[in-house]
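Engineer: Have a look at this one before I ask anything.
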Amino acid sequence: MSALQPTLPAIEISGMTKTYQVGDAEVHALHGVDLRIEPGEFVSIMGPSGSGKSTLMNIIGCLDHPTSGTYLLDGEDVSTLPKNELAHIRNKRIGFVFQSFNLLPRMTALKNVIVPMMYDPDNHMTKEEREEHAIKALQSVGLGDRIHHVPTELSGGQRQRVAIARALINDPVIVLADEPTGNLDTRSGEEVMAILDDLNARGRTIVMVTHEADIAAHAHRTIHLRDGVVESVVLNSSSLREPGPEGEEMAHEAK
Amino acid sequence: MKPSETLSVAWEGLTANKLRALLTMLGVIIGVAAVIIMMAVSAGTEATIAEQINSLGSNLIFVNSAMTQMVPGRESSGGLVYEDAEAIVDQVPTVVGFAVEQQTTASIKYGNVTLDDVTILGTTPDFPSVRDVQVASGRFLNQNDLDHTAKIAVLGSTVAEELFGNADPIGEKITVGSTKLTVVGVMAPKGTVSGMDWDTRIYTPITVVFEKFLPSRFARMTGDRVRTIYLQAESQDVIDSTILQVQLVLARRHNVSLDNADFTVRTQQDIIETQEATTAAFRNLLGWVAGVSLVVGGIGIMNIMIANVTERTREIGIRQSVGATEGDIRRQFLAEALMLSLVGGLIGVISGVGGSWLFGHLGDMRTVVVPNSIGLAFFSAALTGIFFGYYPANRAAQLDPIEALRHE
């Protein structure tokens, strides 16, 4: 991945605002956010509802444009790209993991994982090669024996692992996880977090939105959003990572 | 996305709800089947008409007497006479054959069998070729018979059968009215053409009819009257000019103007035109049925595709989130609409061909499946799919991924 240019941040956001027009009123979802995420980092984003974290996730995930400000993804300015370009960015450089899994219901685990490869115009693999690649991805999340099951035949934890395999299939720059454990019981949630930890340990950049503090603690840093600005950034020294003193708090000025 | 993948994704989308897909296709099925049956029926009717044209004789011109207003001070021309036919053949070079016809009825007797009111058709040697009839056994009349007023007869097949059964009638003498005629030939069966049964009459030299059966003094004075003169033109191309020349020759001989002619000149074309008009009206009606069915089928497709897009908004959002472009989504839903219409088209083709066969075998309607109509039907079905599938597909493509993912 971004090992070629170690100094280039995976994500660099500066002065980002997002304003929605709701009827006659303007709603300012983001008020000027600066954010820098290095390659290989695991960052969690927390904040109460209305804090703008969904908006920020949508923009980071290239599902939405910012109203102003810049967003460099792996050094490339994606803040003003047209729709189709954004689709390609989502396809190749971002891997989504959603709270509600968002698997295609009628398709087997294998086919779900193959879908992003089908939308990659630069992927010239044969059908067999794709299947082989997808099977490997499913094996890496421990689902080698479940590849021909449709989502309804899988448990919540298994579905989320299929979603992770799908997110990774095109080797993205970042994995964007939106409440990845929100619909899971504790045990399944821990399994999923173990996989994300493992991915990060192997160098994958992960950005995760959550409202659960213990889940957020899996990340190196937790960014707290409030009223559309970064309220604080907390460096975690979670017991899961490296046992040590409490997290250090860094105050950020609101614009 | 590769086209093959687009198709397989679309196929999976459709087969997820087979009953709905089938019901959606119904309109297209009916439309396509209607196109094929329509073409088959009209082709069948045209084939029947073509056969009738040919059975009348090819490139045939009919000349008949017509009623005219009597012009004071001028003698009646007396209608068509045998010499008119000869004059036409002499003066119009594009006439390659002719036959004249005069008929009467009489009773025919052989042994103890008597047939009443049999049509006695006096004619000339060219009759079989001009009117496209064949002699089954023996021979037809020749010029010699005509010149010598030979007392001979050629029997229609039904007449021969009724008088002689299985016995050979050639050489036997039959009594027609009070005249004895020798049978020299029997015609092949022809059946009923234009309301006349050709097999229940007998043929004799026209000179025999003039002398023995129509001894009208008036007719003898003005010439040998004939009922119809059949002329065979050289080819279809010269028919119009031939007709004009025939009219001029007759008008001069009868001393009448073309506006007030005492004869009519018609072609086979005139005779069958009415029939064709009926066929055309029928074809147009079926054409409208087919067209309306296709439109209704298309609206059905559009309706179901809109429902599909709404129902699968979430799926669309998921696909967008993993990198589907507007084009990918549009193509997927267009492919679904296209498949609905093409599979519907295919079933329609099968039903259409089957329906044509049923029409032909169960009804008395003749049908000929036109290969082109299958292509036309398929093409229309595909066009319907694209036309009515585009709007829903475009709507799907332009969904906002965030909204779509939030759906449900």
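The values are calculated or read from the model by the stated rules, or taken from the named source; none is laboratory data. This structure is a prediction, so every number in the text was calculated from the model and none was measured. Quick reminder, even Gly has a Cβ in these numbers, built from the backbone with ideal geometry, and neighbours come from all protein chains shown.
Engineer: Assess whether A:SER49 counts as being within 20 Å of A:ARG93 (Cα to Cα) and within 20 Å of the chain's Cα centre (by Cα).
Structural biologist: Spelling it out, it is not the case that A:SER49 is within 20 Å of A:ARG93 (Cα to Cα) and within 20 Å of the chain's Cα centre (by Cα).
Engineer: With the requirement that a residue be touching a helix residue (DSSP H, G or I) at 6+ places or on another chain (Cβ under 8 Å) and away from every other protein chain (no Cβ under 14 Å), what does region A:45-72 give you?
Structural biologist: A:ILE45, A:MET46, A:GLY47, A:TYR71
Engineer: Is there a residue being of a type outside the set (Lys, Arg) and at the interface with chain B (Cβ under 10 Å from one of its Cβ atoms) anywhere in region A:31-39?
Structural biologist: no
Engineer: With the structure loaded, tell me whether B:GLY323 is without any contact (Cβ under 8 Å) to a residue 12 or more places away in the chain, touching an Asp or Glu at 6+ places or on another chain (Cβ under 8 Å) and farther than 19 Å from B:GLU408 by Cα or whether it fails that test.
Structural biologist: For B:GLY323, the condition - without any contact (Cβ under 8 Å) to a residue 12 or more places away in the chain, touching an Asp or Glu at 6+ places or on another chain (Cβ under 8 Å) and farther than 19 Å from B:GLU408 by Cα - is met.
Engineer: Among the residues of region B:309-328, which ones are more than 7 Å from every other protein chain (Cβ to nearest Cβ) and more than 18 Å from A:ASN123 (Cβ to Cβ)?
Structural biologist: If the condition is that a residue be more than 7 Å from every other protein chain (Cβ to nearest Cβ) and more than 18 Å from A:ASN123 (Cβ to Cβ), then B:VAL309, B:THR310, B:GLU311, B:ARG312, B:THR313, B:ARG314, B:ILE316, B:GLY317 are the ones that fit.
Engineer: Which residues, taken from region A:76-125, are more than 7 Å from chain B (Cβ to nearest Cβ) and of a type in the set (Asp, Glu)?
Structural biologist: Scanning region A:76-125 gives A:GLU76, A:ASP77, A:GLU85, A:ASP122.
Engineer: Within region B:366-385, which residues are in a helix (DSSP H, G or I) and either of a type in the set (D, E, K, R) or under 16 Å from B:VAL309 (Cβ atoms) (or both)?
Structural biologist: B:GLY385
Engineer: Condition first: over 19 Å from B:ALA43 (Cβ atoms) and among the acidic types (Asp, Glu). Can you find one or more residues in region B:303-322 that meet it?
Structural biologist: yes
Engineer: Is region A:171-178 home to any residue that is over 26 Å from A:LEU63 (Cβ atoms) and at pLDDT below 95?
Structural biologist: No.
Engineer: Could we say that B:LEU405 is of a type outside the set (Gly, Ala, Ser), within 14 Å of another protein chain (Cβ to nearest Cβ), buried (at least 16 other Cβ atoms within 10 Å of the Cβ) and not in a helix (DSSP H, G or I) here?
Structural biologist: The answer is no for B:LEU405.
Engineer: Return the residue satisfying two criteria in turn: it lies in region B:109-133 and is under 14 Å from B:ILE174 (Cβ atoms) and in contact with a helix residue (DSSP H, G or I) (Cβ under 7 Å, 6 or more places away or on another chain), and of such residues it is surrounded by the fewest Cβ atoms within 10 Å (Cβ to Cβ).
Structural biologist: Restricting to residues being under 14 Å from B:ILE174 (Cβ atoms) and in contact with a helix residue (DSSP H, G or I) (Cβ under 7 Å, 6 or more places away or on another chain), the top hit is B:VAL113.
Engineer: Which of the residues belonging to region A:57-86 are surrounded by fewer than 19 Cβ atoms within 10 Å (Cβ to Cβ) and within 20 Å of B:ALA404 (Cβ to Cβ)?
Structural biologist: Within region A:57-86, A:HIS65, A:LEU81, A:PRO82, A:LYS83, A:ASN84, A:GLU85 meet the criteria.
Residues checked against (1) surrounded by fewer than 16 Cβ atoms within 10 Å (Cβ to Cβ); (2) in contact with a Cys (Cβ under 7 Å, 6 or more places away or on another chain); (3) assigned to a helix (DSSP H, G or I):
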site	(1), (2), (3)
B:LEU346	no, no, yes
B:TRP357	yes, no, yes
B:ASP364	yes, no, no
B:GLY389	no, no, yes
B:ALA396	no, no, yes
